[in-house]
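The values are calculated or read from the model by the stated rules, or taken from the named source; none is laboratory data. Just so we're clear, the structure is a prediction, and the values are computed from it rather than from any experiment. Every residue, glycine among them, receives a Cβ derived from its backbone with ideal geometry; neighbour counts consider all protein chains shown. For accessibility, only protein heavy atoms count, side chains too; no ligands or nucleic acids. Shrake-Rupley method; radii C 1.70, N 1.55, O 1.52, S 1.80 Å.
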Amino acid sequence: MNIHEYQAKQLFKEFAIPAPQGAVATTPEQAQQAAQSLSTPAWVVKAQIHAGARGKAGGVKVARTLDEVKDYSAAMLGTRLVTHQTDAAGLPVNSVWVEEASAISQEYYLSLLLDRESERLIFIASAAGGMDIEAVAAETPEKIVRVPVHPAAGLQPYQCRQVAAALGLGKEQQSQLQTIMNGLYQLFLAKDASQIEINPLIQTDDGKLVALDGKINFDDNAIPLHPDIAAMRDASQEDAKEAEAKQFDLNYITLDGNIGCMVNGAGLAMATMDMVKLKGGAPANFLDVGGGTNKDKVKAAFKLILSDGTTKAVLVNIFGGIVKCDVIAAGILAAVEEMHLTIPVVVRLEGTNVEQGLAMLKDSGLGLYAAEDLNSAAEQAVKLAEGVA
Ligand code: ADP
Ligand code: MG
């Protein structure tokens, strides 16, 4: 789960990581009032969306007067912001964060994330901050320092000095960095984060290190343990279909192809998508309906797959191990009938009660395509999507 920058900055404060004073607003008037309550010569108005690269997309504006705060907020609120980290539709700007403008002398990059290879939390830092870290990693990897933390020993002072040296910090800033790194490490563990990124971490003209931006991802599996984090969820920033899928306990991810895939088991779903690709098609989604699926789930899955009108064919690939094939067949028939489906559906069933399941599909008279194996199922679905068969 992701949260907004202003929420990340609240958490930063809790863990002694310095961040600019500010307030969140949902109307231009509120934004102006918020600005008035901050004693600062200038403000920065920042669109709150679950994506970065807002600065280059017009989602971060320096305001010199209260009227400018209002104008910039009015221009952002109620729009959708497209950045190179969002899709072409962008994300809705329902709130802005108004904060004091900082006098920046230097921008750094600092993040903490789980490195699955070393099986440790790892700090990543660079003196080339404020930029796309992926670009820094690709073009000048020597400018990035990585410091893994041993889980039993915890974060050690020498490791903070190591990062400070890589960033070229002075003595005074070194101890500030240690406080920030300790805060990040504590925050990460306490809230079950999966990634925390400060880009940029700045040094101000008067030598203070401040987190000017904040992005935090949390481990979805741990959210039930943290009601305070769960309360920060903003569904408006999430893919509507993925959110609906969650309600039915379906594992769903939107993709940009046109063949809807309904599969049980994540591994089989991946293999099915690979097979569709191999046959020259493109999957519209990843969907794992789970091991113990039922008729309602199958129906909900069909609705999701068909909801945006881009799907040209559906490929159902179910292995009836825990779930029985006749139950799946009943779900498919109910969905197809109820939704007056007009696009072709290719079904590949295998496993327990497969004969009954296939017979039900055949006898339904709904014109479903029953495939013998995954190879021919994928081939058929791709052809049907192209309108060839
Ligand atoms: P994003 O990463 O989404 O583009 P940031 O919060 O990193 O958004 O802001 C982009 C840039 O805007 C920063 O690198 C910094 O140069 C500038 N900026 C952001 N907040 C402030 C602030 N409070 N004071 C001065 N400059 C800021
Ligand atoms: Mg940033």
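A simple count of charges around Tyr369, restricted to other residues whose Cβ falls under 12 Å of its Cβ and scoring Lys, Arg +1 and Asp, Glu -1, yields +1.
At full extension, Ala235 and Asp206 could sit 6.5 nm farther apart than now, given 0.36 nm per residue minus the alpha carbon distance. In this calculation the C-beta distance from Ser39 to Gln10 is compared with R0 = 22 Å, giving a FRET efficiency of 0.65.
Here, region 21-101 is characterised by an Rg to Rh ratio of 0.97, where Rg is the alpha-carbon radius of gyration and Rh the Kirkwood radius. Rounded to the nearest Hz, the phi-derived 3J(HN,Hα) couplings of region 39-53 under the Karplus curve 6.51 cos²θ - 1.76 cosθ + 1.60 (θ = phi - 60°) are 8, 7, x, 8, 10, 10, 9, 10, 5, 9, 9, 7, 7, x, 6, where x marks glycine and proline. For the pairs Lys13/Lys61; Lys191/Lys299; Lys143/Lys241; Lys56/Lys277; Lys241/Lys295, flag any whose C-alpha to C-alpha distance is greater than 30 Å. Listed pairs above 30 Å: Lys191/Lys299; Lys143/Lys241; Lys56/Lys277.
The three principal axes of the C-alpha atoms in region 260-389 carry coordinate ranges of 31, 30, 25 Å, sorted with the longest axis first.
Assuming 0.36 nm per residue, please report the length gained on full extension of the stretch Ala103 to Ile253 beyond their Cα-Cα distance. Write out the running numbers ahead of the final one.
Details: separation 150, 0.36 × 150 = 54.00 nm, distance 4.16 nm.
Length gained, Ala103 through Ile253: 49.8 nm.
Set the Förster distance to 51 Å, then compute FRET efficiency between Asp67 and Lys295 from the Cβ-Cβ distance, nearest 0.05. Let's see the in-between values first.
Numbers: r = 59 Å, r/R0 = 1.16.
So, using R0 = 51 Å, E works out to roughly 0.30.
Farthest towards the positive end of the charge dipole of region 21-101, among the residues Leu77, Ala53, Thr65, is the Cα of Ala53, using unit charges on the Cβ of Lys, Arg, Asp and Glu. Relative to the longest principal axis of the chain, what angle (0 to 90°, nearest 10) does the C-alpha long axis of helix 5-14 take? For helix 5-14, the angle is close to 60 degrees.
Given a 1.4 angstrom probe, I'd like the percentage of the accessible area of the chain that is carbon and sulfur, rounded to a whole number.
Working: 9180 of 18130 Å².
Accessible surface attributable to carbon and sulfur in the chain totals 51 percent.
With an 8 Å Cα cut-off and a minimum separation of 6 or more residues, compute the relative contact order for region 21-101 in percent. For region 21-101, the relative contact order is 44 percent.
Taking every protein chain into account, the accessible area of the chain amounts to 47 square angstrom per residue (probe 1.4 Å).
Among the trypsin sites (Lys or Arg not before Pro) in region 111-196, those located in a DSSP loop and surrounded by at most 11 other Cβ atoms within 10 Å of their own Cβ are Arg116. Of the residues Ser307, Ile259, Ala381, the one whose Cα sits farthest towards the positive end of the charge dipole of region 234-389 is Ala381 (charges of +1 on Lys and Arg Cβ, -1 on Asp and Glu Cβ, taken about the Cα centre).
Along each principal axis, taking the top coordinate minus the bottom one, the Cα set of the chain gives 79, 50, 39 Å in descending order.
Applying both filters, DSSP loop and at most 16 other Cβ atoms within 10 Å, to the trypsin sites (Lys or Arg not before Pro) of region 1-89 gives Arg64.
A simple count of charges around Tyr252, restricted to other residues whose Cβ falls under 13 Å of its Cβ and scoring Lys, Arg +1 and Asp, Glu -1, yields -3.
Quick one: dipole size for region 239-385, taken about the Cα centre, charges +1 on Lys/Arg Cβ and -1 on Asp/Glu Cβ, in debye to the nearest 20.
Once rounded to the nearest 20, the dipole reads 120 debye.
With the simple model of a label 7 Å out from the Cα in the direction of the Cβ, Lys56 to Ala152 spans 4.4 nm. Across the chain, the mean sequence separation of Cα contacts (distance under 8 Å, 6 or more residues apart), normalised by length, yields a relative contact order of 12 percent. Other residues within the sphere of radius under 13 Å centred on the Cβ of Ile133, judged by their own Cβ, net out at -3 (K and R +1, D and E -1). Between Glu337 and Leu189, the simple label model (points 7 Å from Cα in the Cβ direction) yields a spacing of 5.8 nm. Of all DSSP bridge pairs formed entirely within the chain, close to 75 percent run antiparallel.
Where in region 107-180 are there GluC sites (Glu not before Pro) that are in a DSSP coil and have at most 10 other Cβ atoms within 10 angstrom of their Cβ?
On the way: sites: Glu107, Glu117, Glu119, Glu134, Glu139, Glu142, Glu172; in loops: Glu117, Glu119.
Here the GluC sites (Glu not before Pro) that fit, given the DSSP loop and packing criteria, are Glu117, Glu119.
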